[in-house]
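K.L.:
One structure is given below, represented as structure tokens, and several questions about it will come after.
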Amino acid sequence: MRDSEYLNWRFISRPDASYAVLAASRGRDLIGYIVCRIASIEGAAWGYIVDYLVEDRSMRVFAMLLQHAECRLAEADVKGIVCSVAMAPFRGALVRHGFFPVPFRGESYVRVTTNHRNPRLQPYSDLRCWFMTMADGDLEMAF
């Protein structure tokens with residue numbers, strides 16, 4: 001669940017890394033956000049798109065947030081921008097923004113098994129219903 005409590009814990013309150021959180025709203029309603037981070041690798045600044053979520057998986061909102069994140073990272077003179085975990089249909093939007101798929105430290109695979117007989121847990125066994133980004137772990141801390 002990506003609510004304000006989780007986002008504050010995962011990104012804002014974290015003492016070991018700094019993140020920029022950009023949000024989109026319609027009136028008083030939050031309709032999307034994107035989280036980015038700058039990390040130094042061998043003396044060069046790299047930008048990372050760490051997390052994003054948009055209402056109704058809107059490509060228009062995602063593209064707007066991505067554009068603002070790219071501008072913020074470019075102002076910091078990053079040498080490249082990486083988004084390691086991108087779910088369809090967001091991959092297409094990334095490609096339209098100049099991102100391209102690169103084999104990077106191998107591919108990641110996720111498998112789900114349901115060990116419980118509780119029928120309420122059954123929906124979690126269908127990976128097609130999942131939405132995963134780098135924020136679902138500490139993947140960006142490996143760089």
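The values are calculated or read from the model by the stated rules, or taken from the named source; none is laboratory data. If you're wondering where the values come from, they're calculated on a predicted model, not measured in any experiment. Every residue, glycine as well, gets a Cβ built from its backbone with ideal geometry; the counts of neighbours run over all protein chains shown. What goes into the accessible areas is simple: the full protein's heavy atoms, side chains included, and nothing from ligands, DNA or RNA. Shrake-Rupley method; radii C 1.70, N 1.55, O 1.52, S 1.80 Å.
K.L.:
Ignoring ligands, DNA and RNA, how do CYS83, CYS36, CYS71 rank by accessible area with a 1.4 Å probe, largest first?
P.N.:
Descending order: CYS71, CYS83, CYS36.
K.L.:
Quick one: 3J(HN,Hα) in Hz for the range 53-64, Karplus 6.51/-1.76/1.60 with θ = phi - 60°, rounded, Gly and Pro as x.
P.N.:
With coefficients 6.51, -1.76 and 1.60, one gets 7, 10, 4, 6, 6, 5, 5, 5, 5, 4, 4, 5 Hz.
K.L.:
May I pose another question? Could you order the peptides 43-54, 21-32 from most to least packed, using the average number of other C-beta atoms within 10 Å per residue?
P.N.:
Highest mean packing first, the order is 43-54, 21-32.
K.L.:
How charged is the neighbourhood of PHE100? Take every other residue with its Cβ under 15 Å from the Cβ of PHE100, and add Lys/Arg as +1 and Asp/Glu as -1.
P.N.:
Details: positive: ARG91, ARG96; negative: GLU70.
For residues surrounding PHE100, the net value is +1.
K.L.:
In the range 33-95, which GluC sites (Glu not before Pro) are in a loop and have at most 16 other Cβ atoms within 10 Å, using DSSP for the loop call?
P.N.:
GLU42
K.L.:
Quick one: net charge around VAL21, please, counting Lys, Arg +1 and Asp, Glu -1 for every other residue with C-beta under 12 Å from its C-beta. Show your work: numbers first, answer last.
P.N.:
Numbers: positive: ARG2, ARG10, ARG14, ARG37, ARG72; negative: ASP51.
Result for the local shell: +4.
K.L.:
Hey, another quick one. Efficiency by 1/(1 + (r/R0)^6): what FRET value for ARG26 and ALA74, r their Cβ-Cβ distance, R0 = 22 Å, to the nearest 0.05?
P.N.:
0.25
K.L.:
Mind checking the alpha-carbon convex hull of the range 1-63 and giving the volume per residue in Å³?
P.N.:
99
K.L.:
Can you tell me what the convex hull of the Cα atoms of the range 60-100 projects to on average, as an area in nm²?
P.N.:
Hull-based average projected area comes out at 2.9 nm².
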